[in-house]
Amino acid sequence: MRARRTPVPGTLLALAAILASFAIAALPSAATAQTGGAGEVVEPPEGAEPAGLTPFDHQGMWIWYVDKSDGGKIARIVSRAQRYGIGTLYIKAGDAGDSWTQFNPGLVEALHRGGLEVCAWQFVYGDNPIGEAKVGAEAVDDGADCLVIDAEGQYEGKYASADRYIRGLRKRIGANFPLSLAAFPYVDYHPSFPYSVFFGPEGATVNQPQMYWKAIETSVRSVYEHTYLYNRIWDHPLYPLGQTYGGAGRKSIQRFRRFAESFGGLEPSWWDWQETSGAGWKALGADRLKPIAGYRPSFSHPILRKGSRGDMVVWAQEHLRSAGENVPVTGLFGKLTRGAVRGFQDSAGLPVDGVVGTTTWKALLRYDPVRYLWGGRKPKRGTRASSSAARTIPPSRPLSASLPAKGYEIDPGPRP
């Protein structure tokens, strides 16, 4: 998302509660949604997509504020979604450790009656990971069909927080609940961002990078090629997140949809409802578009070699350890890592050059990465711990976690 993280003010929520007894039409989104729009919901159209698809497999639209999306009128939201081919709504449910009351069981139930899947998304910072985990779990308890982690620049370098957040969240929502990460699209720009934790064991199983081509000041084709190249190493389904804000035109939105077909056909979602123009809605509602004629995407992987640094190296080292190589997880590709890569290549029958390219990546990704507990606790003061036990205490982050971002393709925004 963009740099607009202002949480729902407590004073406004209090005012909404007072107004509830006087006029339903005057309520802000949270209270309007709580009523569920009873009697207003449009029934699902005939020929709706068959059951069995995940929430991510429908074209989606993101909602930041419900009350600014068709005035918070549930019937209008459902009707527009049906008219323009939207099957899943992603609605903001929390910011840091604060839940947003606009996401609630009444809203979810009303949208479900309209034939829509409803996913919650929360913006996280890493300062209070357990509190953030509780907010995510609360949205799941409210009936969300999936949960999206929106983590951006505020989370760079915070491996321990990411570890505690993921463990705390999975403890509360279960190991199999649909969970995705919507983060920066250009992995190589963010060497200290803990992608390896968010996509590691127990983490998100779906990738929704924010591929806002116009905001990044590039072309639709370039944003696809760059994003897919570097995100391929996570080995997770990638559902493109495109933009309808900021003057994105009808032709470029349709082109984004066509490139989604060229790169595997997984449905995109869009940021965001309240800023989508009439032309934008029509571009979303056009019949399923064909892939780009004559275009063949590359399926290569990024190359790591001696001197490489960052979270991609962390990911490779965790896989090397899982494959039986004795290599420290530092995020720095030095002599030890090069030796481990050569050893792995030799045992796997690959050309031995000490470089992690596409062939080596494919072989490594057959192994599950080692679960590294960056958020492990140190012994309490006054307790006796042997020197061997002390040595097993993991660091709170890899050495690469101090690396600055190479650039911000999307403005991470100030913390509110």
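The values are calculated or read from the model by the stated rules, or taken from the named source; none is laboratory data. Because the structure is predicted, anything quoted here is derived from the model rather than measured. Positions of Cβ are backbone-derived with ideal geometry, glycine not excepted, and every protein chain shown enters the neighbour counts.
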Item to check | The one condition in (1) touching a residue at least 60 places away in the same chain (Cβ under 8 Å); (2) within 21 Å of Glu409 (Cα to Cα); (3) not basic (Lys, Arg) that Val197 fails to fulfil | outcome: (2)
Item to check | For Gln102: the one exception among (1) at pLDDT 95 or above; (2) assigned to a helix (DSSP H, G or I); (3) within 30 Å of Gly126 (Cβ to Cβ) | outcome: (2)
Next on the checklist: So if I check each of Tyr189, Tyr195, Tyr228, which one is surrounded by 24 or more Cβ atoms within 10 Å (Cβ to Cβ) and either at positive phi or not charged (D, E, K, R) (or both)?
Outcome noted: Tyr195
Checklist entry - Would it be correct to say that Ser161 is without any contact (Cβ under 8 Å) to a residue 60 or more places away in the chain, touching a helix residue (DSSP H, G or I) at 6+ places or on another chain (Cβ under 6 Å) and among the hydroxyl-bearing types (Ser, Thr, Tyr)? => result no
Checklist entry - Does region 170-183 include one or more residues that are crowded, with 21+ Cβ neighbours inside 10 Å, farther than 18 Å from Phe56 by Cβ and within 17 Å of the chain's Cα centre (by Cα)? => result no
Item to check | Cβ-Cβ under 8 Å pairs, at least 6 apart or on other chains, region 394-416 side farther than 20 Å from Pro185 by Cβ, far side at pLDDT below 95 and of a type outside the set (Lys, Arg) | outcome: Pro394/Tyr372; Pro394/Leu373; Pro394/Gly376; Ser396/Gly375; Pro414/Ala3; Pro416/Thr6; Pro416/Pro7
Next on the checklist: Kindly evaluate Phe103 against the criterion of being surrounded by 24 or more Cβ atoms within 10 Å (Cβ to Cβ), over 15 Å from the mean Cα position of the chain (by Cα) and either closer than 25 Å to Ile410 by Cβ or not hydrophobic (A, V, I, L, M, F, W, C) (or both).
Outcome noted: yes
Next on the checklist: Residues that are closer than 25 Å to Trp270 by Cα and hydrophobic (A, V, I, L, M, F, W, C): list the helices (runs of 4 or more DSSP H) wholly contained in region 116-203 that include at least 2 such residues.
Outcome noted: 129-141
Checklist entry - Would it be correct to say that Arg288 is in a helix (DSSP H, G or I), without any contact (Cβ under 8 Å) to a residue 40 or more places away in the chain and either surrounded by fewer than 18 Cβ atoms within 10 Å (Cβ to Cβ) or basic (Lys, Arg) (or both)? => result no
Item to check | Options Gly280, Gly247; residue that is in a helix (DSSP H, G or I) and more than 30 Å from Leu365 (Cα to Cα) | outcome: Gly280
Item to check | Whichever residue in region 321-343 is outside any loop (DSSP other than H, G, I, E, B) and in contact with a strand residue (DSSP E or B) (Cβ under 9 Å, 6 or more places away or on another chain) and, among such residues, is nearest to Arg366 (Cα to Cα) | outcome: Val341
Item to check | Hits in region 246-271 (condition: under 22 Å from the mean Cα position of the chain (by Cα) and over 17 Å from Phe56 (Cβ atoms)) | outcome: Gly246, Ala248, Ile253, Arg258, Phe259, Ser262
Next on the checklist: Condition first: more than 23 Å from Ala260 (Cβ to Cβ) and under 16 Å from the mean Cα position of the chain (by Cα). Now tell me which residues in region 152-169 satisfy that.
Outcome noted: Gly153, Gln154, Tyr155, Glu156, Ala162, Asp163, Tyr165, Ile166, Leu169
Checklist entry - Only one of these conditions is not met by Ala75: (1) under 22 Å from the mean Cα position of the chain (by Cα); (2) not in a loop (DSSP other than H, G, I, E, B). Which number is it? => result (1)
Checklist entry - Counting only residues that are among the β-branched types (Val, Ile, Thr) and crowded, with 20+ Cβ neighbours inside 10 Å, which one in region 117-167 is farthest from Ile77 (Cα to Cα)? => result Ile166
